[in-house]
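Reading through the structure tokens given below for one structure.
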Amino acid sequence: DDDVTSTAPTISDIANQTINEDVNTGAIAFTIGDAETAAGSLTLTKDSSNTTLVSVANIVFGGSGSSRTVTVTPELNQSGTSTVTVTVSDGSLTASDTFVLTVTAVNDAPTISNIANQATNEDTTTSAITFTVGDVETAAASLVLTKTSSNTTLVPTANIVFGGSGANRTVTLTPVQDQSGTSTITIIVADADAGTASDAFVLTVTAVND
């Protein structure tokens, strides 16, 4: 009897996946098979319903034979859901499995550029020292700055004054009259979700004979 009916390949069920923003799923195992075609000769294709979250290129297969894996990497700083479809083909017939990838939003901490150590003479205010701040989720203009001084006898917190706007900020330091020495100045930037970043630098105030 030469009348052979071709059967479709098979693919195991891949469960729905939930991960945090900016990480991948790791290798998710699944199996494929076919009655007439060796598992190593079966081909896999993939699709994503939300390419803003998961580009097709970021759905990567691994494994061999009947034991395969799929690793999904969402786009940086993106969250939401995408339905991922994995299709196995024997060259004529196909079988597919879909699963939903849910990517949970995670607050990204703000950023602050490095401020170099500073020096000034006694009784002399520094120039406006420039630095930049930023955040993925919060507009730069809405980022909040706070400050500390390790030596408030030399530089009281009130004498650390911010300027600028948006991403481009400044800080100006005024040492106390007739005081010299060093103080570590720390600037903290906070976003709308209570994430923080900080930068510290040393102000050296050189004594001058009055």
For this session: Take the residues in the range 185-203 that are farther than 17 Å from THR130 by Cα and assigned to a strand (DSSP E or B), then tell me which one is most open to solvent (accessible area, probe 1.4 Å).
Result: THR196
Exercise. Hey, among the residues in the range 21-36 that are part of a strand (DSSP E or B) and open to solvent by less than 30 Å² (accessible area, probe 1.4 Å), which one's farthest from VAL54 (Cα to Cα)?
Worked result: GLY33
For this session: Check off (1) in contact with a helix residue (DSSP H, G or I) (Cβ under 7 Å, 6 or more places away or on another chain); (2) within 26 Å of ASP135 (Cβ to Cβ); (3) not polar (S, T, N, Q) for GLU75 and give me the number that stays unchecked.
Result: (1)
For this session: Restrict the check to the range 141-155 and report whether at least one residue is touching a helix residue (DSSP H, G or I) at 6+ places or on another chain (Cβ under 7 Å) and open to solvent by 40 Å² or more (accessible area, probe 1.4 Å).
Result: yes
Problem set entry | Scope the range 52-82; condition touching a Leu at 6+ places or on another chain (Cβ under 8 Å), farther than 28 Å from GLU36 by Cβ, in a strand (DSSP E or B) and not hydrophobic (A, V, I, L, M, F, W, C); matching residues | GLY80, THR81, SER82
Exercise. How many residues, within the range 91-111, are open to solvent by 30 Å² or more (accessible area, probe 1.4 Å) and touching a strand residue (DSSP E or B) at 6+ places or on another chain (Cβ under 9 Å)?
Worked result: 11
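Report yes if THR7 is touching a residue at least 12 places away in the same chain (Cβ under 8 Å), at negative phi, outside any strand (DSSP E or B) and open to solvent by less than 80 Å² (accessible area, probe 1.4 Å), otherwise no.
Considered against the rule, which asks whether it is touching a residue at least 12 places away in the same chain (Cβ under 8 Å), at negative phi, outside any strand (DSSP E or B) and open to solvent by less than 80 Å² (accessible area, probe 1.4 Å), THR7 comes out as yes.
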Exercise. Pairs, please: C-beta under 8 Å, at least 6 apart or cross-chain, first residue on the phi > 0 side of the Ramachandran plot and in the range 111-136, second surrounded by fewer than 15 Cβ atoms within 10 Å (Cβ to Cβ) and modelled with pLDDT of 95 or more?
Worked result: ASP123/GLN177; ASP123/ASP178
Exercise. Taking the range 83-94 on its own, how many of its residues are within 26 Å of ALA38 (Cβ to Cβ) and outside any loop (DSSP other than H, G, I, E, B)?
Worked result: 7
Problem set entry | Residues that are in a loop (DSSP other than H, G, I, E, B), under 16 Å from ILE187 (Cα atoms) and either in contact with a Cys (Cβ under 6 Å, 6 or more places away or on another chain) or aliphatic (A, V, I, L, M) (or both), drawn from the range 115-142 | ILE115, ALA116, ALA128
Exercise. How many residues, within the range 37-80, are over 25 Å from ALA8 (Cα atoms) and either open to solvent by less than 70 Å² (accessible area, probe 1.4 Å) or hydrophobic (A, V, I, L, M, F, W, C) (or both)?
Worked result: 15
Problem set entry | ASN16 vs. criteria open to solvent by 70 Å² or more (accessible area, probe 1.4 Å), touching a Leu at 6+ places or on another chain (Cβ under 8 Å) and either on the phi < 0 side of the Ramachandran plot or not aromatic (Phe, Trp, Tyr) (or both) | yes
For this session: Specify the residue that is most open to solvent (accessible area, probe 1.4 Å); the eligible residues are those in the range 166-184 that are in a loop (DSSP other than H, G, I, E, B), more than 14 Å from THR126 (Cα to Cα) and of a type in the set (Gly, Ala, Ser).
Result: ALA167
Problem set entry | Among (1) open to solvent by less than 40 Å² (accessible area, probe 1.4 Å); (2) in contact with a helix residue (DSSP H, G or I) (Cβ under 6 Å, 6 or more places away or on another chain); (3) closer than 30 Å to THR43 by Cα - the single one THR85 does not satisfy | (2)
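The values are calculated or read from the model by the stated rules, or taken from the named source; none is laboratory data. None of the values given here were measured: they were computed from a predicted structure. Counting neighbours? That spans all protein chains shown, and the Cβs are built from the backbone with ideal geometry, glycine included. These area figures cover heavy atoms from the full protein model, side chains too; ligands, DNA and RNA do not enter into them. Shrake-Rupley method; radii C 1.70, N 1.55, O 1.52, S 1.80 Å.
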